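The values are calculated or read from the model by the stated rules, or taken from the named source; none is laboratory data. Just so it is clear, the structure is predicted and the values come from calculations on it, not from any experiment. Neighbour counts run over all protein chains shown; Cβ positions are idealised from the backbone, glycine included. Only protein heavy atoms, including side chains, enter the accessible area calculation; ligands, DNA and RNA are left aside. Shrake-Rupley method; radii C 1.70, N 1.55, O 1.52, S 1.80 Å.
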Amino acid sequence: MSKNKSLALITAFGGINAAGRSSSHLNYKNLIFDSLDELSKQEVLQDLAVLEGKIEPVRGGWETNSGDSINLKTYLSEHSDQIRSQTMIREIVREEFDIDRTILDQIQVSSAGMLPSGFDPSNLYPARHHPRALQLTVFGMSDALGQLGIEWSKIQDRINPDEVAVFSGAAIGQMDKSGFAGLMQSRLKGSRASSKNLPLGLVEMSADFINAYVLGSVGRTGHCVGACATFLYNLQLGKEAIENGTAKVVIVGGAEAPITPETMDGFYAMGALANDKRLLELQAQLNEPIEEGPNQRFACRPFGENVGMVLGESSQFIILMEDKLALDLGAEIYGSVASVFSHADGFKSSISGPGIGNYITMTKCTSETVSLIGLKNLRFRSFVHAHGTGTPANRTTESHILNEIAKLYNIKSWPVTAIKSYLGHSMAPASGDQCVTSLGTWNKGIIPKIHSVKKIAKDVHQSNLDFLLEHKIKDPDFYKVAFLNAKGFGGNNASAAILSPKTTKELIKDRYPITRIRNHSKKVLRTKSSSERYNSKALKGEYKVIYKFNEKVLQGETDIKLDKKEIRLKGFAKPIKLN
């Protein structure tokens, strides 16, 4: 990495998935719950219980949703299993996702990675019939800004208006009744489409909502759709924008709500979903109980004997910042983006079939990592978040890719995990789930295991791989780099290398005087304090959701001043410079 290029630092993260809220590493902590200390367990349970609407703070104490006063610690301890049972992959809630029983009766799929039961983002702001993924965008982006610990207005005052970029969106689109489903179904059901169905259904609308209703940004905007690799495609755009100097702050993210009859039916028709019939056959084959029906908790089994993928919903955002600005502002450093590569498969026999593109992306990432932090660190202090969808095709093809690269660099036992076993496949933000989980590993030192698999399948390539069937526990600073991998339909392959906070800070020390590093260390204490205050309030349900509808709307006739050297906008401290 050239010293002339800015480092793309990860200065905040936020969102929500089937395991819970992202900020403060809470959804990550839910994945490793049994390995946490009691205080951390209580924090996770409190956050989930509030999200699920089970408890709320009242007059300095706590009450249940039925109005009963409780001792918080005792309640959480006694209801721990029940609270966590309403997270991660589980039985589809008919009343929320399948009122007509299309999924449950006709497709006969009963497993999905739903958000914590009872959590409804539309109750947190005037949602105005927004599709669910856009509601999740508003919540997730707000969560990331809370975790940032620096007021957005303070950042805006330090940079030019066009030095912000937002890359975010969905892979499939908004397929619920407020989006494309409403558009396609209305005439058939004897009603009329809403004027909002078409525009709000578009895949890039997540970025548009962030610009228009959260940040008020006039900077670069866009969305690079790459099927299951979409988050990494957007991450690549963000990294490049930071390094080439066109942006100093970049929002990278995605939100997807694919648990709809139409989307489920599409994946079912492809033979990709783990339906109930196949699950019961697998359970019988593995001598697991079948009397109570399919085991939804273990429906997704990456790299084990498996029968298909499980869909999940998620909203994940990270805030990238150039290193110079991050130091000046006192931003927290959670890691940095070392490399991102995306490649196609070349000629294909099937649009959904695997190809060679992922070999290229992973090899390029590992090669760049060696040049950046050395071969020894790659061999002994790196780990992999596999795409790990839970399909028979994925377990053989992806394991071969990873195993061949491990052989190439003489990695004897490369740790590999697959968190879709907990969360399901959230499509566009899937690698966002991987990213925030990696940041959690550098907080607690634990790589989550593949929880649904007891034995790796015989056709999985693993001579140089260590598929984690138990949590991998090390010192939080042990691992220097995490690899995120994604293989998407159509030949959309992407891989990324994320450096740990400690490794990132070591690179920064080589680029800046010691006095500047010390000043940052002082400033970051305020940032951490602000971030902790946000999370303390969020644990009580005070999420600080930002939605600025019809606020400070700029008019071309009155609020913009054009000049041959610069453009000035009302409300922005600095101009957009020309030439």
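Scanning region 531-575 for residues that are surrounded by fewer than 17 Cβ atoms within 10 Å (Cβ to Cβ) and assigned to a helix (DSSP H, G or I) returns GLU532, ARG533, SER536, LYS537. Would you check if there is a residue in region 195-205 being in contact with a helix residue (DSSP H, G or I) (Cβ under 8 Å, 6 or more places away or on another chain), within 29 Å of LYS574 (Cα to Cα), at pLDDT 95 or above and crowded, with 24+ Cβ neighbours inside 10 Å? Yes, that holds for at least one residue. When restricted to residues that are of a type outside the set (Val, Ile, Thr) and outside any strand (DSSP E or B), region 463-505 contains 20.
For region 378-445, the helices (runs of 4 or more DSSP H) that sit wholly inside it and include 2 or more residues that are touching a residue at least 12 places away in the same chain (Cβ under 8 Å) and among the β-branched types (Val, Ile, Thr) are 392-408, 430-444.
Looking at region 5-32 only, could you name the residues that are closer than 12 Å to GLY146 by Cβ and outside any helix (DSSP H, G or I)? Of everything in region 5-32, those that are closer than 12 Å to GLY146 by Cβ and outside any helix (DSSP H, G or I) turn out to be ALA12, PHE13, GLY14, GLY15, ARG21, SER22. The residue pairs whose first member lies in region 325-348 and is at positive phi and assigned to a strand (DSSP E or B), whose second member is modelled with pLDDT of 95 or more and polar (S, T, N, Q), and whose beta carbons are closer than 7 Å, counting only pairs six or more residues apart or on different chains, are GLY335/SER500; GLY335/THR504. For region 287-306, the set of residues classified as in contact (Cβ under 8 Å) with a residue 40 or more places away in the chain and either open to solvent by 30 Å² or more (accessible area, probe 1.4 Å) or of a type in the set (S, T, N, Q) (or both) consists of GLN296, ARG297, PHE298, GLU305, ASN306, listed by residue number.
Here's the yes/no breakdown for (1) open to solvent by less than 40 Å² (accessible area, probe 1.4 Å); (2) of a type in the set (A, V, I, L, M, F, W, C); (3) modelled with pLDDT of 95 or more; (4) within 19 Å of the chain's Cα centre (by Cα):
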position	(1), (2), (3), (4)
ARG101	no, no, no, no
ALA112	yes, yes, yes, yes
PRO126	no, no, yes, no
HIS130	yes, no, yes, no
ALA144	yes, yes, yes, yes
LYS154	no, no, yes, no
ILE159	yes, yes, yes, no
SER168	yes, no, yes, yes
GLY190	no, no, no, no
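Considering only region 323-332, I want to know if a residue exists there that is in contact with a helix residue (DSSP H, G or I) (Cβ under 6 Å, 6 or more places away or on another chain), open to solvent by 40 Å² or more (accessible area, probe 1.4 Å) and aliphatic (A, V, I, L, M). No, region 323-332 has no match at all.
For region 349-377, a residue qualifies if it is in a helix (DSSP H, G or I), farther than 26 Å from LYS474 by Cα and either at pLDDT below 95 or open to solvent by 10 Å² or more (accessible area, probe 1.4 Å) (or both), and the qualifying residues are TYR359, ILE360, LYS364. Determine, yes or no, whether GLY491 is at positive phi and in contact (Cβ under 8 Å) with a residue 24 or more places away in the chain. Against the criterion (at positive phi and in contact (Cβ under 8 Å) with a residue 24 or more places away in the chain), GLY491 qualifies. Restricting ARG90, ARG94 to those that are within 20 Å of LEU311 (Cβ to Cβ) and either surrounded by fewer than 14 Cβ atoms within 10 Å (Cβ to Cβ) or out of contact with any helix residue (DSSP H, G or I) (no Cβ under 6 Å at 6 or more places or on another chain) (or both) reduces the list to ARG94.
Scanning region 489-524 for residues that are touching a helix residue (DSSP H, G or I) at 6+ places or on another chain (Cβ under 7 Å), closer than 27 Å to GLY388 by Cβ and open to solvent by less than 10 Å² (accessible area, probe 1.4 Å) yields GLY491, ASN493, ALA494, SER495, ALA496, ALA497, ILE498, SER500, THR503. In this structure, is PHE13 among the aromatic types (Phe, Trp, Tyr) and buried (at least 24 other Cβ atoms within 10 Å of the Cβ)? Yes; evaluated as a whole, the condition is true for this residue. Answer yes or no: is there a residue in region 308-322 that is open to solvent by 60 Å² or more (accessible area, probe 1.4 Å) and either closer than 30 Å to ILE150 by Cβ or assigned to a loop (DSSP other than H, G, I, E, B) (or both). Checked against the condition, which is being open to solvent by 60 Å² or more (accessible area, probe 1.4 Å) and either closer than 30 Å to ILE150 by Cβ or assigned to a loop (DSSP other than H, G, I, E, B) (or both), region 308-322 yields no hits at all. Of all the criteria given as (1) part of a loop (DSSP other than H, G, I, E, B); (2) closer than 30 Å to THR389 by Cβ, the one not satisfied by SER66 is (2). Set side by side, the residues GLU256, GLU243, GLU281, GLU262 differ, and just one is of a type in the set (D, E, K, R) and open to solvent by less than 20 Å² (accessible area, probe 1.4 Å), which is GLU256. Just one residue in the set ALA406, ALA344, ALA386, ALA418 is open to solvent by 10 Å² or more (accessible area, probe 1.4 Å), out of contact with any Cys (no Cβ under 8 Å at 6 or more places or on another chain) and hydrophobic (A, V, I, L, M, F, W, C); that residue is ALA344.
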